[in-house]
Amino acid sequence: MSQLPRVLVDAMLGRLVTYLRMCGYDAVYSPDEELESDDALHEFARAENRTLLTRDRELAARARDAVLLESRDIEDQLAELDAAGFELELPEEPRRCSNCNGRVEPVAPTETTPEYAPTAAETDIWRCEACGQHFWKGSHWDDVARRLAGR
Ligand SMILES: [Zn+2]
């Protein structure tokens with residue numbers, strides 16, 4: 001398994017956090033942890049040894065380990081991360097829940113799946129250990145793969 005840096009993503013980068021999780025990053029989204037002050041963000045990043053991703057110049061300057069993103073646009077943000085050396089590729093199998101950052105585990109073909117998901121007998125399904133959300137490589141997965149490859 002590759003060594004992806006653990007990251008803390010600040011509140012202005014809500015779309016990016018989904019992409020990072022889909023790429024297998026352990027990516028904490030600051031509003032999920034109710035990190036509202038700059039001090040709280042810095043403390044959390046330091047305690048958990050996470051790289052801070054932010055659009056806030058001052059915040060980035062004060063962090064021990066941070067990447068400052070300048071763009072508002074998701075595609076440009078991905079390009080900036082790529083330039084900063086981040087690996088942006090979908091893994092063979094999903095690893096992280098795009099909703100909550102929990103680890104995902106494969107669902108056995110004999111297990112039942114919720115209404116919104118295909119059956120595990122017809123396609124590979126993963127379930128988040130933390131929130132129970134089910135995932136499969138559907139059209140959304142393909143869209144993200146295309147967008148990441150298109151840069
Ligand atoms: Zn989850």
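The values are calculated or read from the model by the stated rules, or taken from the named source; none is laboratory data. No experiment lies behind these values; they were computed from the predicted model shown. Please note: Cβ atoms are built from the backbone with ideal geometry, for glycine as well, and neighbour counts cover all protein chains shown. With ligands, DNA and RNA removed, areas are computed over all heavy atoms of the protein, side chains included. Shrake-Rupley method; radii C 1.70, N 1.55, O 1.52, S 1.80 Å.
Over the chain, with every protein chain in place, what whole percent of the accessible area is carbon and sulfur at 1.4 Å, could you tell me?
42 percent
Gain in length, N49 to Q3, computed as 0.36 nm per residue apart minus the alpha-carbon separation, to one decimal in nm?
Length gained between N49 and Q3: 15.2 nm.
Where in segment 10-44 does the label zone of I74 land, with the point 7 angstrom along Cα→C-beta and an amide N cut-off under 11 Å?
Once the point is set 7 Å along Cα→Cβ of I74, 14-20 turn out to lie under 11 Å by backbone N, inside segment 10-44.
Quick check on the chain: what does the Kirkwood estimate of hydrodynamic radius come out to from the alpha carbon pairs, in Å?
About 16.3 Å, per the Kirkwood formula over Cα pairs.
Which is farthest toward the positive dipole end of the chain among G132, N49, V104, measuring Cα position about the Cα centre, with Cβ charges +1 (Lys, Arg) and -1 (Asp, Glu)?
Of the listed residues, the answer is N49.
Whole number please: convex hull volume per residue of the Cα set in segment 87-140, in Å³?
For segment 87-140, the hull spanned by Cα atoms encloses 90 Å³ per residue.
About its Cα centre, how strong a charge dipole does segment 23-92 have in debye, to the nearest 20, once Lys and Arg get +1 and Asp and Glu get -1 at the Cβ?
For this selection, approximately 320 debye.
With charges only on Cβ, +1 for K and R and -1 for D and E, what is the dipole size of the chain about its Cα centre, in debye, rounded to 20?
With Lys and Arg at +1 and Asp and Glu at -1, about 220 debye.
Largest first, how would C100, C23, C131 line up by accessible area (1.4 Å probe)?
Heavy-atom accessible area, descending, gives C131, C100, C23.
Please compute the length gained on full extension between E129 and R147, using 0.36 nm multiplied by the number of residues separating them and subtracting their Cα-Cα distance.
So the extension gain works out to 3.7 nm.
With every protein chain kept in place and ligands, DNA and RNA left out, what is the accessible area per residue of the chain? Probe 1.4 Å, answer in Å².
Spelled out: the 1.4 Å probe surface of the chain, per residue, equals 57 Å².
In degrees between 0 and 90, to the nearest 10, how far off the longest principal axis of the chain does helix 38-47 point, with axes built from Cα atoms?
60 degrees
Given the whole protein assembly as supplied and a 1.4 Å probe, what does the accessible area of V104 come to in Å², nearest 10?
Its heavy atoms expose roughly 20 Å² to the probe.
Hey, what did the chain get for relative contact order, percent, Cα under 8 Å, at least 6 apart?
Once normalised by length, the contact order is 20 percent.
Taking Cα atoms, how many degrees apart are the long axis of helix 139-149 and the longest axis of the chain, rounded to 10 and kept between 0 and 90?
For 139-149 against the chain, the angle is about 40 degrees.
Counting other Cβ atoms within 10 Å, which GluC sites (Glu not before Pro) in segment 6-115 have at most 15 and lie in a DSSP loop?
Loop-located and lightly packed - E34, E36, E48, E70, E87, E89, E92, E111, E115.
If you wrap a convex hull around the C-alpha atoms of segment 27-95 and split its volume per residue, what is the figure in Å³?
Roughly 113 Å³ of hull volume per residue.
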